[in-house]
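Asker: Let me begin by handing over the structure; questions about it come next.
The values are calculated or read from the model by the stated rules, or taken from the named source; none is laboratory data. Note that this is a predicted model, so its numbers are computed, not measured. Every residue, glycine among them, receives a Cβ derived from its backbone with ideal geometry; neighbour counts consider all protein chains shown. Keep in mind that these areas ignore ligands, DNA and RNA; they rest on the heavy atoms of the full protein, side chains included. Shrake-Rupley method; radii C 1.70, N 1.55, O 1.52, S 1.80 Å.
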Amino acid sequence: MLLAPAGASSSTAKAAEYRSRWGTNSHLGSLVSAPCRAEVAGHTRPLVKSVALGTSLLAFPRRAHAARDKAWGPLRRRRVSATEEILTQREMVSPTETPMVSDSSGSSSSTFSALPKCDIVQFDAAIYYVEEAEKVSIIDVMRIGQLRSFVSVDFATEDDSAEAGIRYEKVAGTLNFEPGEANKVIEVRILDGGGRWNTTLEFKVRLFNPVNCELGRFLFLCRIKVIDGDFFPTNRFAAEMKKYGPGDLEQVGITGIDLFIEWCKLNLSYGDIANNSAITLSVDQLHNINFLCGIYLVQYVADDVIGDHPSRPLLVPGDIEKTLFGVAALYFIPQAFLVLLELWKARLEIAEKSRAALQENIFRKFMYYNSTSRSMISTSEVSLAMVQDVSDMVDSGYMNVFALVKNIGKLVVSSYFIVSESSEALLPLVVFSLATASYVAVRYEDDVRLREKVSDEQASILGVVQEGSLRYQLVSDYFMRPKMEESLENNIGRLNAATVELGTEGVVNEYFPVLLSTALVAGWIALGGEGVMKGEMQVGIYLATISVFKEVGDSFQDIFAATLNLSKAIGPAQKLTYYLNLETDLLERKATNRERRLASKVLRQPPPRIPNGYLEDVGCYTDGLSICFEDVSFRYPGTTRDIFRNINLTCPQGEVVAIVGPLSSGKNTFMKILGLVLAPTKGTFFIPSHLRVLHVPETPMILRASLWENLVLGRQYWEDDEFESNRVIKICRRIGCSDSLMRLLQESRDEFLSRTESTIGAIRGSITSWKRRLSYTDVVLINLARAFIYSPEVLVMSRPVQSLSDHAASQVRVCLREFVRNRGMELPASGHSMRRQRTAFVSFVRPEGIGLADRIWQVTRQGIKEIHHEDVLREDFQ
């Protein structure tokens, strides 16, 4: 079930729907779990006494809550009876016995945790989604605790990939919670980003300066993803893309040139690229003006300074030598000044910023693809797009426009000189121009086709190399090296053939304008020389015109080359338009996120009182909200068969749930649904929105980065580097990492703590050489330790101990149990009540695993159901 964006009336209707579906008559009794009701009730004795003594903890208008009291009545009665039962049990505990949580060694303690020392204020989700068209992002801040006093907290937005003033409006302020208030809202205005296309950008909101409360350990910081609804590169062809798709635009007459022009418009909207582009164009034209001035200076020297028939006076009357020095200075100084301008122009970073914008957007878009889009684009294609296609778009495309405009300007000033000084040269100049333009028109499409052919063959080679690298063990085990080498050789052969064809085309393209310009100069030498001999033309004009004709020829050659180079950008413009308009899963994630948040907000609200005057503890409605499936079905896109149908399961927080079942029953798919990797096709899977969910797949993954950065993926939440780094080392030791790995961890700690830049993706051997020393067991344990260090509220693990020895598997199970019981591993017992409960869903492959499970869900082809420990079969461990 998905929640579409709607106004207040829609939200109210949804709230009513949740209350009717999950109210006391149907589901809420299980949604607010019995263990939590009993636990909270077990700590209410001081509150009951204070109410009995007449202390007014909080006054609520009775009439305003009459309807709500009636709806929650049955649940409250159950809570009162649970309170009486627990209080009776606690009377049997010795006054000297203080309930304690288990320490880091795993020693057990009382089942009951103390009430939070004070209220906790945090966001109700780690991530929020908002579409650009919605204009406002609504961010909920929740308060957990007894709500007995006034608390406040400051907040402020922070830039990330989205910048204040461009993508959102910066806000800051203070949230004041009056006694009894459990929720506050922050509104952030979303801007249109200057009216241009963007991939999904995000900014942060941070809570700080808590008064009479504490901030949540993780959710004091949230991220807001702004979903852009525009099309790349602009919305000019939006209707065609919606109708035909981004990959079939040529059938409606939209060419690569059209797309490239639209991308140039987009590129001009980024930062100061437009201003810097204008500066570059201006400097280039100054070169052309200087060229024209230089031609006139040469003509002046030849005709009026050293010529026999001067028509203009000397710069220094009567002194030819000083005049020559003056002309030399006028010739040199502007050129020196232009060199300084070129140095300044080189630091404008137009190409660098243009490449960065494209590369960041390609990578960002790829990371948000849905499964269908991801299946349509290979990693080799993305890699090639990031490096080659972006370079072609920027260097051969956008930057080449400057060269094209500069040479056109030079052609214009050269033509002006020729026509103004020698009108008879106009006809050959026009013929030369038409011949060059005709040739470009004829050869342009062939050049584009050949360049795309070369690009495709390069992508094929890259694909073979990547496949051989990523699947090396498979290639080696099945003796496939010759086959892979043969495939590579065939691709290289096709690339060489395409390159030779393109190279031949390139030679013809390069020398055609050279031959034309040479013919033009040769013709002028013959025709113009005759005019000099007849006295119809001065020598200076004759020589200057020869020089200008040579420059005209060079200009045509450069214009021709620049035009053909632009063809390198046409294919990439079409490809990137396709890549950057494929579908993402963001709208689905937004809908699911909002439904989880709304349901959580409705269900965690406590009633103001119970009949005997006891003030409810909001902690019950946060930690007590269950995780549940309601009529959930799932099928993969493009298929017609449901993998699961009508699943209805409930699990309270704070438990270990074992997932078992025979082979090919759908366990892996079910684990992905639990881990929010896949979304149900039908029905509702509810996890309270403030719980962070982490899915740990069966196959271990190691980043190309340092050992510490592989283990620590949430350093932004650290407050004490010493404590947190020691915690990492303790967890790795507890889980059973080898002595060599522990030594490396100790030795590299200081370097990690002092490093300010990430090493993720590093290619330097000194960063990644540690991986060569690992056994496979260490790789598996790093993958598991990373999850315990991250400490999510909901941990989903697929077959975590399948590849481990019995002893290592036993250590992992001990860590898993401590993770759930102590609400995290190696965390201080004193903060137990301030942490949220931990829940673990684990697919076990050994019977020993279910010994630590609080409940068992069996996955079969007939469906998914909860079973007792004694009902587990041998074939369920597969």
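Asker: Mind checking the dipole of region 280-389: about its Cα centre, +1 per Lys or Arg Cβ, -1 per Asp or Glu Cβ, Debye to the nearest 20? Intermediate results must be reported in sequence, preceding the final value.
Answerer: Values: 9 positive and 12 negative charges, 151 e Å.
Result for region 280-389 is approximately 720 debye, rounded to the nearest 20.
Asker: Still on this model: What is the dipole size for region 251-345, taken about its Cα centre, with +1 at each Lys and Arg Cβ and -1 at each Asp and Glu Cβ, in debye to the nearest 20?
Answerer: Once rounded to the nearest 20, the dipole reads 160 debye.
Asker: Rounded to the nearest 20 Debye, what is the dipole magnitude of region 764-848 about its Cα centre when Lys and Arg each give +1 and Asp and Glu each give -1 at the C-beta?
Answerer: 240
Asker: Also, I was wondering about something else. Calculate, in whole percent, how much of the Cα-Cα pair population of region 244-394 lies beyond 27 Å. Please report the intermediate quantities before stating the final value.
Answerer: Working: 5896 of 11325 pairs.
Every Cα pair in region 244-394 considered, those over 27 Å come to 52 percent.
Asker: I've got another one for you. Given the options ILE295, VAL226, THR323, identify the residue whose Cα lies farthest towards the positive end of the charge dipole of region 217-334 (+1 on Cβ of Lys, Arg; -1 on Cβ of Asp, Glu).
Answerer: Ranked along the dipole, the leading option is VAL226.
Asker: Which of rounded, prolate or oblate describes region 190-253 when judged by the alpha-carbon gyration tensor and an a/c cut-off of 1.5?
Answerer: On the way: a/c = 6.43, a/b = 3.77, b/c = 1.70.
It is prolate, given that a/c is not under 1.5 and a/b is the larger ratio.
Asker: Would you mind calculating the gained length between SER420 and VAL252 on full extension (0.36 nm times residue separation, minus the Cα-Cα distance), in nm to one decimal?
Answerer: Net length gain for the segment: 55.8 nm.
Asker: Convert 20 °C to kelvin, take the viscosity as 1.002 mPa s, use the Kirkwood radius over C-alpha pairs of region 705-744 as Rh, and evaluate the Stokes-Einstein diffusion coefficient in µm²/s, rounded to a whole number.
Answerer: The Stokes-Einstein estimate is 198 µm²/s.
Asker: Which of the three applies to region 198-312, rounded, prolate or oblate, going by the alpha-carbon gyration tensor with a ≥ b ≥ c and a/c under 1.5 meaning rounded?
Answerer: The shape class here is oblate.
Asker: Okay, next question. So how exposed is LEU427, as accessible area in Å² (1.4 Å probe, rounded to 10)?
Answerer: 120
Asker: Would you list which lysines come within 20 Å of LYS453, measuring only between C-alpha atoms, while excluding same-chain residues fewer than 8 positions from it?
Answerer: Within reach: LYS568, LYS575.
Asker: Past 24 Å, Cα to Cα, is the threshold; run LYS135/LYS365; LYS184/LYS672; LYS225/LYS601 against it and keep the listed order.
Answerer: Listed pairs above 24 Å: LYS184/LYS672.
Asker: Looking at region 813-869 from every direction and averaging, what is the projected area of its Cα convex hull in nm²?
Answerer: Over all viewing directions, region 813-869 projects a mean Cα-hull area of 4.7 nm².
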